[in-house]
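Only one structure is covered here, and it is reproduced in the block below.
The values are calculated or read from the model by the stated rules, or taken from the named source; none is laboratory data. Only a predicted model underlies this, so the values are computations on that prediction, with no experimental measurement involved. Glycine gets a Cβ as well: all are built from the backbone with ideal geometry, and neighbour counts include every protein chain shown.
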Amino acid sequence: MGLSHSSSVITYPHEEIYPRLDILDMTSNQSYAPQFDLLIQSFQALQDRPYDDMRSFYQIAGIHGLPFTAYDGVEGAYPYRSSEFLGGRWGGYCHHGDVIFPTWHRAYALLLEGQLRTEAKEIANKYPSDQKDKYVEAAKRLRHPYWDWADEKAIKGVPDVFVTPTLEINTPNGKQKVKNPLKSYTLPVDLADPLPKGLNPNDANYTVPNVSYIPFTPKGFQTVRHPNNKNVDQVDIMNINMSTYIQSVFRPGFYQMFHISDYTKFSNHGLTSRGEELPDFNPGHPKPFNRLGFSHFASWETTHDGFHVVIGGTGGHMTYVDIAAFDPIFSFHHVNMDRIFALWQEIYPDSWIIPSIDVNGTYANIMSEVINEYTELAPFRKSENEFWTSDDVRDFTKLGYTYPEVEKFYGNSTAMLNYVLELYKPDPHYDTRFFVKVTIESGKVKGPFVIRVFIDLPSADSSTPTTSPNFAGFVAMWQSDAHNGTFVEGTVDITAAMERLNIRTQKHDFVHEVNLTTGLLNPASLFNIGTDINLVPVMIDGSEILPEAAGVKLVEVFSFEHDKVDKNFLVESTGQYYTAKKF
């Protein structure tokens, strides 16, 4: 259904720079009310456009994954064929697991933002004369908002603006209650393929499909989050998920990634072909002065993945990479991820893309192709004959937007770093933080899943509640049918769980605790991965699989200390390596 448009869709930068706002500020601050009024009407206008219009919400959402067809006629140098999907080539345009994951999604957000602003300008001119100037100015300032789902405020749950069926806004025809286009999107055509009887929303005996299936959404049905057997959102479960994972997954993830100064390691969760050569390690303990690398930290993509599975749940569109972009909350999530990317750039401005391998391929790129800062970000055109590149979008202010924190700390990377680390630092504040890193081979399991990490609970299984004091967090595997041979690294901060369980967190004394003959830690001082670190891979529907079957290859335990002057910052040279286990 990717029909060629009569004139190419070009992604233009905005004429002036204005900040993208927090959606909570936009909905609570009356001075932003005109922008919010236009935002809601503009979203609805895009959703109302004919599905074969390249500027419609359907077509823009379809760029990311399904329907795996050309957007605006853009095929790339190596046209995609459906038969290649079975060989591992990804059929959407989006990049995941490679170095242009952040920049491709930056261009994607800019396309949607531009179309929203085009609608907003037209709507603003329809207001009565006594309001028109105010709304024309609001349209000029309008940028796509973000939702910071790792802020402590998110513990209260998903904001009402994403779950309430109707909203009251001021329209050109006065105050009106309107359908909320941010809650869901009604599909104008069938999305994905019908499943076995009973697994489709229009079946009389519908049951939420197993996660190995991409949910089928018939024409006329809405996108859903954590649907029940009536295909209705379970907002209470979604909010419980948020309150559970804000502290154990989201905040630690953001906190960790701002310690990474290398763009390649920050940008994505994928490992290069060298990642297959798993590190060799002493079965006891390495030399005391072994300097640890970045790998105990979470990447930008790892934490991004976790949000998708927490919000979507079994059968929810956000859970599945193929159909995630059809849920309107997707773009608010990705604008927030772009905000995190922008803050990171302000802190580490000199680190950028180096040539790498696109292992998975896309609709426009073949598998195992070399990509760099000049790789075309298809299908986003900057002119009739040129596509945006990562270098083009590196300076986001040249695209016509910024973020409130960038404005506040512009030019002061140290102040920005301190602000961000304080904003996302997991509570309580410990002098030493402990981490479990898991290396996982992709493609062993069909469908998204998480690897829950429990501490000191060998009996833990899929039925063990995540409210247990032994639960430390999870590593998300948000994927489609990724092929084998690529690896994902994820890290869980286990410090809070150790404190709850009164497990020792002091730094080890090598002089007294290391056997000078063998070089190994004495047994009483060593983490035993078999009993102390318990991994439970769980599919989104709650079913359990063994770590080996899930692709777990390596589990490692580290600790790092906070700087004695800057209490927010973990010092890499203080890294202590405890133990590891291969599967």
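Between ASP203, ASP236, which is of a type in the set (Asp, Glu) and assigned to a loop (DSSP other than H, G, I, E, B)?
Within the list ASP203, ASP236, the selection yields ASP203.
Is it true that some residue in the range 347-355 is of a type outside the set (A, V, I, L, M, F, W, C) and modelled with pLDDT under 95? Yes, there is a match, as at least one residue in the range 347-355 is of a type outside the set (A, V, I, L, M, F, W, C) and modelled with pLDDT under 95.
What are the residues in the range 47-104 that are of a type in the set (Lys, Arg) and closer than 27 Å to ILE353 by Cβ, if any?
ARG89
Any idea which of SER42, SER82 is under 24 Å from LYS219 (Cα atoms), hydroxyl-bearing (Ser, Thr, Tyr) and without any contact (Cβ under 8 Å) to a residue 60 or more places away in the chain?
From the options SER42, SER82, the qualifying one is SER82.
For the range 109-130, indicate whether the set of residues that are touching an Asp or Glu at 6+ places or on another chain (Cβ under 6 Å) and assigned to a helix (DSSP H, G or I) is non-empty.
Yes, the range 109-130 contains at least one residue that is touching an Asp or Glu at 6+ places or on another chain (Cβ under 6 Å) and assigned to a helix (DSSP H, G or I).
Checked against (1) assigned to a loop (DSSP other than H, G, I, E, B); (2) assigned by TED's automatic domain parsing to the domain that holds ALA109, THR397 meets all criteria but (1). For GLY411, the requirement of being on the phi > 0 side of the Ramachandran plot and surrounded by 17 or more Cβ atoms within 10 Å (Cβ to Cβ) is not met.
Consider the range 323-370 and keep the residues that are in contact with a Phe, Trp or Tyr (Cβ under 9 Å, 6 or more places away or on another chain) and among the polar types (S, T, N, Q). The one that is surrounded by the fewest Cβ atoms within 10 Å (Cβ to Cβ) is SER351. Can you name every residue in the range 385-394 that is out of contact with any strand residue (DSSP E or B) (no Cβ under 9 Å at 6 or more places or on another chain) and either buried (at least 21 other Cβ atoms within 10 Å of the Cβ) or outside any helix (DSSP H, G or I) (or both)? Within the range 385-394, ASN385, ARG394 meet the criteria.
Residue by residue, here is whether (1) surrounded by 14 or more Cβ atoms within 10 Å (Cβ to Cβ); (2) modelled with pLDDT under 95; (3) among the small types (Gly, Ala, Ser) holds:
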position	(1), (2), (3)
VAL178	yes, no, no
SER184	yes, no, yes
PRO188	yes, no, no
ASN210	yes, yes, no
PRO215	yes, yes, no
ASN228	yes, no, no
ASN231	yes, no, no
GLN234	yes, no, no
ASP262	no, yes, no
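Candidates are the residues of the range 51-66 that are among the hydrophobic types (A, V, I, L, M, F, W, C) and part of a helix (DSSP H, G or I); the one that is farthest from ALA364 (Cα to Cα) is PHE57.
Is at least one residue of the range 427-447 more than 22 Å from the chain's Cα centre (by Cα), farther than 30 Å from SER559 by Cβ and part of a loop (DSSP other than H, G, I, E, B)? Within the range 427-447, none of the residues are more than 22 Å from the chain's Cα centre (by Cα), farther than 30 Å from SER559 by Cβ and part of a loop (DSSP other than H, G, I, E, B). Scanning the range 67-92 for residues that are assigned to a loop (DSSP other than H, G, I, E, B), more than 14 Å from GLU369 (Cβ to Cβ) and of a type in the set (Ser, Thr, Tyr) yields a single hit, THR69.
In the condition set (1) within 24 Å of the chain's Cα centre (by Cα); (2) surrounded by fewer than 21 Cβ atoms within 10 Å (Cβ to Cβ), ILE246 is compliant with all but (2). Selection of first residues in the range 224-245 that are under 27 Å from ASN205 (Cβ atoms) and of second residues that are assigned to a strand (DSSP E or B) and of a type in the set (Ser, Thr, Tyr), restricted to Cβ pairs under 9 Å at least 6 apart or on distinct chains, gives the following pairs, ordered by first then second residue: VAL224/THR217.
Checking VAL136, VAL99 one by one, the residue that is at pLDDT below 95 and either touching a helix residue (DSSP H, G or I) at 6+ places or on another chain (Cβ under 6 Å) or not in a helix (DSSP H, G or I) (or both) is VAL99 and no other. Would you confirm, using the coordinates I've provided, whether VAL208 is in the same structural domain as VAL335 (by TED's automatic domain parsing) and more than 30 Å from ILE17 (Cα to Cα)? Considered against the rule, which asks whether it is in the same structural domain as VAL335 (by TED's automatic domain parsing) and more than 30 Å from ILE17 (Cα to Cα), VAL208 comes out as no.
Number of residues in the range 22-50 that are farther than 15 Å from LEU112 by Cα, in a helix (DSSP H, G or I) and either of a type in the set (D, E, K, R) or not assigned by TED's automatic domain parsing to the domain that holds MET337 (or both): the value is 2.
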